[in-house]
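Undergrad: Quick one: the structure is below, and I'll ask about it shortly.
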Amino acid sequence: MLVTAPLAEFCTLMVDEIYGELPSRIYASLLMRGRSTIQQLAGDTGMNPRQLRHGLALLLQHNLLYYHLDTSSPQYFYEANVENAYNLTRTGKILEMVEESYGAAAKDIMQTIILTGQTRVGDLVDAYQKRIDRVNRVKEALMTEDPFGNGTDSHELNSDISPETKPEPTSPSKKPDLLISSTAQLKSIICRLVDAELLNAVHKTTYESPEDLLATVESDITRTYPGGEVKGNKAKAEYKDKVAEALRNHRNESKSLKRKLEQNGLSAKRRKLYDGAASANGTPDGEMDLGIDLNQVICLNYEKCLVELRNRRLMQFSADVFGTTTSWVYGSLLKLLSKEISRCRDDPIIDHYEKDEERPAPAVVTTAQILDALRTSLDLSSGLGKVDAGQISAAAAEKITEQAPRKKFFIDAQAEVDGDASSDEDDDEEDVKPVVDLNYRPTAINGVNGVNGTHVTNGVNGKVKIEGGERRVDRRTQLRQHLLLLSESTQGFLRHCGVDEWTVDFEPLMGALRQVELDSAIENTAGREGIRLVRMLRAKGKLDEKAIMSVALMRKADMSKKLAEMHKSGFVQTQEVPREAKADVKKSFFLWYFDPDMTLERVLDVAYKTMIHSLQVLDMLREKDHLILSLVKRTDVKGQEDDKLRKTYMEKLSRFLKLERTLLAQIQRVDDLVAVLRDY
Amino acid sequence: MFRGGRGGRGRGRGGPMMNNRREINQASVPWATDPKDPILLDGKPSDTYPAWDVPKPPTLIKKEEKQLDYFLIFREQAHDSPLYTEPPPRTEGSRRRAYGQDQINSRYADESKATIDPFTAVETYSKRFERKKRTLPDFSNLPFAKEFFPPELHLTLDGLDEPGADRKRRRTGPKTLALSNITTYGAEDLEEDGGQVNGQPDFNKALELFDNVEKLDGEDAFLSGEEDDWGNEDEDNEDAADAEAADQYDDESEDDYNAEQYFDNDEDDYGDDGGEDGGDGTF
């Protein structure tokens, strides 16, 4: 991630907002000066070493720092981890996502883990055990005191607890009042989160910054070459591969916990679990205790969280394009697919493979898997239009594209040939398919022309005469129609990569989504005329003003005004091309063009500044109402603001809270945009 | 705000006035102008308070509300943790634009006895309800995976990184990770969903209230007033609390008539003990 000044400032403010002033001062200095030792920090910030040690320890505990011990000097160098600091903004989203896909108990644990930063599993178990004991004790005390909840001295308490305890006064411990009712449940949820890669094991290179790690690995590998030098093209390519592999090994170490759990039989249990309950929503009753090592230190894996958040964004995108039913199908497909995706974007160094064959194949999902994962309550027949069978080209709809779309290169004859060959293969395969999939033959046919409704389906299946089976086949057909619809889209939601096999090429798809987001950003600032001009420039490349005029059919005055306005906000750029050897401003051409990368940078910059501004305004508001806010924090007022505060204060407080929500919501919204443009 | 039209600059060179708007002169601009379709400039002075169309964001959908709630509660829990360091109140100086690191540093250094607000600094009864401000994170009660920290920070994580560490009592009991019981944020939440969070009865809130009640109940509340929700889950730790109370009384008996210490909150490491600390570092 490129750390620009606004991004650095925003991260500092975010650290300040959540962890307080001391760490944020240190963090700001680290961002501004780069890696520093404690002495250097002391010189920069004017804090004493004791404060610095406390602040650094705090930052490190929350995974906001890297540190490195140089072999040549005895000093530890600290460096800011900007990704994690930025990701603090997304805490709310991550928690909501975890709650939706893994249940409220998982969210509770996740929140604790984010709150503590890195933590030992054993400590977590102890803490929860203590809470459970405590609740039991409280409950017992209440039980013995007065089962009907109108006790004398703990009046307030009873009014709050009684809703839970009253209905079942006889079985105090059976009904889980707490989200986590036993440590076995806690462990099993941790296992599930580890299995989903949302939690990572902390290992010895976790706190090495990527640059340091790269340098270490590179120097180690260079030493193995004769003379400590890499010579020749072949050796260089080999060297690159070796570096990438070593880095991958380091990265995979954080998955060690998952591997260990898998050895202990996690996958078998998981299969059982999925078979039993199709959705992963229910809380398993503590049967998945796989002997997780209590000494293991775990922390949140933001990369995987981003993958899951991206899935949700893509689902929303598909809902915008096709409608909700199709988006549900797409959502469950992505969920299945992302089990094997660890991060949104590949690292150019780490995920470098010299030969394409070595590159791991993209994850693939089959139709049957999706059908199993789909909720049975989802009505697949809705959300699809009906077209006459004759209007659909079966071959085009069912076309299988094995190769991922390539980036355009200048000379790519080889790829051309490959592409041809593969399309031939596709044809062959299509011929073969009915033979291979004998069972599914009717379905495949229906998948093609079944868009015209259930009449044909029934006609074909009528011969089969399986009452129970018909519905299922029908559902499968409908599912296939949704999938085909997705794969036909120009945005490239889905690729039909084999017989009943589907995959997603995230790179072009995210490019499409990014373009949509940029377009809407431009439209919001420059209006419809602006976006029209941008689209023209995108399609045509660089254009002179006269040429734009003839294409855009706009008055010159309007157009120049609009272009100048957009140039000011960085959406279009100009290039001056002199007519003669001697450049003269009045005689040269001015070509307008649209550069998506520059626009993206500009939009990101504005986004960071908006977020900074929101936090600054929030700070200002806090200062304005600081007397009330400090009053609310008092222990005798907290929780009973209604009774203890005067009406005018109450009004002021609620106004402040409303404004605070507005500002933070603004940040969350802008972060959605940043995520699409930068991270997904 | 700049108001005042174009000054003398464009006046002589501009074209004829049309409806209070002036055509721009070809000679004054670098690009070619079309005589049939002139660019007109507005000669009017701008309004003092022009109408400003403030874009309003669409209202939050339910999912976003939830995300925001979770973020706020997370923040509240983080602020409640013993590691949170509350910023000192802002002053005029802290708002001013700073040039250079020295000025930035000087923003923070101004909490000392000289800058105390005389209207609020006097000890009153209600002070005991106030949350004690922390200027340094308190690591002493929490467990850490020390193997992942550089050795120079280990002492800090043990809570022993203090000038008088040897003199102070050392915690001997096992350290436990404490869970925060805060589940609400803001007064509005209380009104809205009563005892229910996300549609299910929430025991945590009861716990939170219980904590408050416990704190206010009896003598204990006074002594453990400075403990917060975090460390307090542990009831077996009463010896520690006693020791602390004893400490408190000791301090009081020693400095009963020390006027200097009267305003002192026991913990002002922030501003002015840089001097005594400087030589004390372990590196």
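Undergrad: May I ask you to say which residue of A:249, A:264, A:233 is outside the structural domain of residue A:35 (by TED's automatic domain parsing), modelled with pLDDT of 85 or more and more than 30 Å from residue A:489 (Cα to Cα)? Walk me through how you get there before you give the answer.
TA: Numbers: A:264 fails: modelled with pLDDT of 85 or more; A:233 fails: modelled with pLDDT of 85 or more.
Going through A:249, A:264, A:233 in turn, just one is outside the structural domain of residue A:35 (by TED's automatic domain parsing), modelled with pLDDT of 85 or more and more than 30 Å from residue A:489 (Cα to Cα): A:249.
Undergrad: Given the residues A:13, A:41, A:31, A:56, which is the only one that is crowded, with 24+ Cβ neighbours inside 10 Å and either without any contact (Cβ under 8 Å) to a residue 12 or more places away in the chain or assigned to a helix (DSSP H, G or I) (or both)? Working first, answer last.
TA: Values: A:13 fails: crowded, with 24+ Cβ neighbours inside 10 Å; A:41 fails: crowded, with 24+ Cβ neighbours inside 10 Å; A:31 fails: crowded, with 24+ Cβ neighbours inside 10 Å.
Checking each option against the conditions leaves just A:56.
Undergrad: Right, something else. If you check every pair at least six apart or on different chains, which have Cβ atoms under 7 Å apart with a residue in region A:211-227 that is without any contact (Cβ under 8 Å) to a residue 12 or more places away in the chain first and a residue that is surrounded by 13 or more Cβ atoms within 10 Å (Cβ to Cβ) second?
TA: If the second residue must be surrounded by 13 or more Cβ atoms within 10 Å (Cβ to Cβ), no pairs are left.
Undergrad: Now for a separate question. Can you confirm whether residue B:68 is facing chain A (nearest Cβ under 10 Å) and surrounded by 20 or more Cβ atoms within 10 Å (Cβ to Cβ)?
TA: On the way: facing chain A (nearest Cβ under 10 Å): yes; surrounded by 20 or more Cβ atoms within 10 Å (Cβ to Cβ): yes.
When the stated conditions are applied, residue B:68 passes them.
Undergrad: Oh, and also: Only residues that are assigned to a helix (DSSP H, G or I) and in contact with a Cys (Cβ under 8 Å, 6 or more places away or on another chain): list them for region A:101-143, please.
TA: Going residue by residue through region A:101-143, those that are assigned to a helix (DSSP H, G or I) are A:101-102, A:104-116, A:121-143.
Once the filter is applied, which keeps residues that are assigned to a helix (DSSP H, G or I) and in contact with a Cys (Cβ under 8 Å, 6 or more places away or on another chain), region A:101-143 yields only A:113.
Undergrad: Within the set of pairs 6+ apart or on separate chains, which have a first residue in region A:298-313 that is closer than 17 Å to residue A:514 by Cα, a second that is of a type in the set (Val, Ile, Thr) and crowded, with 22+ Cβ neighbours inside 10 Å, and C-beta atoms under 8 Å apart?
TA: Close Cβ pairs satisfying both conditions: A:309/A:94.
Undergrad: Something else now. If I ask for residues that are within 13 Å of chain B (Cβ to nearest Cβ) and not hydroxyl-bearing (Ser, Thr, Tyr), which ones from region A:176-219 would you list?
TA: Residues satisfying the conditions are A:176, A:177, A:178, A:179, A:180, A:186, A:200, A:201, A:202, A:203, A:204, A:208.
Undergrad: Another one. List the helices (runs of 4 or more DSSP H) inside region A:615-680, counting only whole elements, that have at least 1 residues being within 34 Å of the chain's Cα centre (by Cα) and more than 9 Å from chain B (Cβ to nearest Cβ).
TA: Numbers: elements: A:626-633, A:641-644, A:647-674.
Those helices (runs of 4 or more DSSP H) span A:647-674.
Undergrad: Out of B:60, B:83, I need the residue that is at pLDDT 85 or above, within 22 Å of residue A:54 (Cα to Cα) and not in a helix (DSSP H, G or I). Which one?
TA: Working: B:60 fails: within 22 Å of residue A:54 (Cα to Cα).
After ruling out the rest, the residue left standing is B:83.
Yes/no matrix, rows are residues, columns are (1) exposed (fewer than 15 other Cβ atoms within 10 Å of the Cβ); (2) basic (Lys, Arg):
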residue	(1), (2)
A:596	yes, no
A:603	no, no
A:608	no, no
A:631	no, no
A:638	no, yes
A:671	no, no
A:675	no, no
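The values are calculated or read from the model by the stated rules, or taken from the named source; none is laboratory data. Being a predicted model, the structure only gives us computed values, none of them experimental. Note: ideal-geometry Cβ built from the backbone for every residue, glycine included; neighbour counts use all protein chains shown.
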